[in-house]
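Peer 1: Quick one: this structure, given as structure tokens, is what I'll be asking you about.
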Amino acid sequence: MDIRDTLKQENVFSELKLSEISKSTSEIPELSEIGKGKIDALKKSVQEINSLIQGREELSKTIFKEGEKIKTEINNFLLENESNLLADLDPRDLVREKNDLRHKKIQIAELQLNEKISSWKDVALLKKELRECERELTEKQERLNTITRILG
């Protein structure tokens, strides 16, 4: 028997009953529970990533402020003690001390710049991960809504 013969027969699928295929909703697991675990996990991931982004930005601001504070302290030290340093040190030593402190300020500025770049990279990666989680969450929610509409 080939496919043509099968198609020519009347009521090929007459034995199938729609009532057997579609069960009552009481026999189907609770619709709201389908995929709920994955959706809840994705929502939690989105919240965690948002807090990581916020924490990283706050950390970067704190590091930058601390660097500014140290640079200000160096400037104040130089201004306050310049007359004392002039009296106590050889002019060559004074120049060396000032240059060392200026070098420290430059190092702090470099650290601040590196921190800004690192922070930007970290936040960019976290935002990429956030977009992926949000996309997956949206897909899962849309699937759940579709299944609910079909079965409900």
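Peer 1: Compute the FRET efficiency between I117 and K44 as 1/(1 + (r/R0)^6), taking r as their Cβ-Cβ distance and R0 = 30 Å, and round to the nearest 0.05. Kindly include the intermediate steps, with their values, before the conclusion.
Peer 2: Numbers: r = 30 Å, r/R0 = 1.00.
E(calc), rounded to 0.05, equals 0.50.
Peer 1: Give me the Debye-computed log₁₀ of I(q)/I(0) at q = 0.20 Å⁻¹ for segment 59-152, equal point scatterers on Cα only, no solvent, two decimals.
Peer 2: For segment 59-152, the Cα-only Debye profile gives -0.96.
Peer 1: Give me the lysines in straight-line cross-link reach of K61: C-alpha distance below 29 Å, same-chain residues under 8 apart excluded.
Peer 2: K61 reaches K43, K44, K69, K71, K98, K104, K105, K116, K121, K127, K128.
Peer 1: Please compute the modelled spin-label separation between T146 and R96, points set 7 Å along Cα→Cβ, answer in nm with one decimal.
Peer 2: Here the answer is 7.6 nm between the modelled labels.
Peer 1: Separation between the S51 and F64 pseudo-spin-labels, each 7 Å from Cα along Cα→Cβ, expressed in nm?
Peer 2: So the label points at S51 and F64 sit 2.4 nm apart.
None of the figures in this text is laboratory data; all of them are computed from the coordinates on show. Nothing here was measured: the structure is a model prediction, and the numbers come from that model. All Cβ positions, even for glycine, are placed from backbone atoms using ideal geometry, and neighbour counts span all protein chains on display.
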